[in-house]
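Taken together, the values in this text are just the output of simple stated rules run on the coordinates, not laboratory data. Bear in mind that the values here come from a model prediction, so they are computed numbers and not experimental data. Every residue, glycine as well, gets a Cβ built from its backbone with ideal geometry; the counts of neighbours run over all protein chains shown.
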Amino acid sequence: MKLDANISAVVTGGASGLGGATARLLASHGVKVAIFDLNDDLGEAMAREIGGVFCKVNVTSSEEVDAAFAKARAAHGQERILVNCAGVGGGAKTVSRDKQTGEIKEYPLDNFERIIQVNLIGTFRCITKSAAGMLTLDPLEDGDRGTIVNTASVAAEDGQIGQAAYTASKAGLVGLTLTVARDLSSEAIRVNTILPGIFDTPLLARAPEHVKAALAAQVPFPKRLGQPEEYAHLALTMITNGYFNGEDVRLDGAIRMAPR
């Protein structure tokens, strides 16, 4: 897909981090970008910076997602690019024992459901609604009608202790990539997924420096945290390379996560 001012995109979780870097990079190529996010201040600031539009949306709500796509399309026209970066974390062991009292605690299912709803179902909700809109467009000269990039995690393959819900949500995204790519292949829509390792995002920025240094030291090479711009460039490759389809790609400096 050739990127220019005739192409529009939607980036979920686009107010900061991986999504923010992707929104900036797409906009630098002339693409009209709509930011889907819950953070009003960061979302509006990003939209002003890149000349895009901000749509406040909770991806667990079909009504809010519909309204956000309607707003984005009213401003920019039907998107041909969707990049899904919206996601949440949170962990606890499947069952655990209090070291002092011996009390046995079960994983809180409401938290498990919340993570699945945002990371997996929320992503799929955006995929289906965006792809339905893409079907109203004619293919471009290169044959592409649209392209979708999802964000999983190396946790999908190397889930650590306490990450059952997060791992399940991200493994679900890996599992659906090829299937959805096959579903949409007859409509000339490509689907790929990135599995980031340890990246320097706003969530990690709150960690103490010694914690970030310890995480960086675990990466075989280069021994540092990943930069959001590196994610964005891989997303750009998946978008622009017309033969890139149905793939799940790790972006992690060759790290394999230890149990804890």
Suppose we filter region 76-94 for residues that are under 13 Å from the mean Cα position of the chain (by Cα) and loosely packed, with under 14 Cβ neighbours inside 10 Å; how many remain? 0
Given the condition buried (at least 17 other Cβ atoms within 10 Å of the Cβ) and in a loop (DSSP other than H, G, I, E, B), answer yes or no: does some residue in region 163-184 qualify? yes
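Quick one: would you say G43 is in a helix (DSSP H, G or I), buried (at least 18 other Cβ atoms within 10 Å of the Cβ), touching a Gly at 6+ places or on another chain (Cβ under 7 Å) and not β-branched (V, I, T)? Talk me through it step by step, then tell me what you get.
Working: in a helix (DSSP H, G or I): yes; buried (at least 18 other Cβ atoms within 10 Å of the Cβ): yes; touching a Gly at 6+ places or on another chain (Cβ under 7 Å): no; not β-branched (V, I, T): yes.
Against the criterion (in a helix (DSSP H, G or I), buried (at least 18 other Cβ atoms within 10 Å of the Cβ), touching a Gly at 6+ places or on another chain (Cβ under 7 Å) and not β-branched (V, I, T)), G43 does not qualify.
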Could you please let me know if C55 is assigned to a strand (DSSP E or B) and either touching an Asp or Glu at 6+ places or on another chain (Cβ under 6 Å) or not hydroxyl-bearing (S, T, Y) (or both)? yes
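Quick check: anything in region 95-115 under 28 Å from E230 (Cβ atoms) and surrounded by 14 or more Cβ atoms within 10 Å (Cβ to Cβ)? Break it down stepwise before answering.
Initial filter on region 95-115 (under 28 Å from E230 (Cβ atoms)): 115.
Imposing the further condition that a residue be surrounded by 14 or more Cβ atoms within 10 Å (Cβ to Cβ) reduces the set to 115.
Yes, region 95-115 contains a residue that is under 28 Å from E230 (Cβ atoms) and surrounded by 14 or more Cβ atoms within 10 Å (Cβ to Cβ).
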Any residue in region 211-225 that is part of a loop (DSSP other than H, G, I, E, B) and among the β-branched types (V, I, T)? yes
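Say whether the condition of being part of a helix (DSSP H, G or I) and surrounded by 18 or more Cβ atoms within 10 Å (Cβ to Cβ) is met by at least one residue in region 185-200. Give the steps one after another, and end with the answer.
Residues of region 185-200 that are part of a helix (DSSP H, G or I), as a first pass: 185.
Now restrict to residues that are surrounded by 18 or more Cβ atoms within 10 Å (Cβ to Cβ): none.
No - not one qualifying residue is present in region 185-200.
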Going through region 18-39 in order, the residues found to be under 20 Å from T123 (Cα atoms) and surrounded by fewer than 24 Cβ atoms within 10 Å (Cβ to Cβ) are A21, L38, N39
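Against the condition in contact (Cβ under 8 Å) with a residue 12 or more places away in the chain and surrounded by fewer than 20 Cβ atoms within 10 Å (Cβ to Cβ), how does E49 come out, does it pass?
Values: in contact (Cβ under 8 Å) with a residue 12 or more places away in the chain: yes; surrounded by fewer than 20 Cβ atoms within 10 Å (Cβ to Cβ): yes.
When the stated conditions are applied, E49 passes them.
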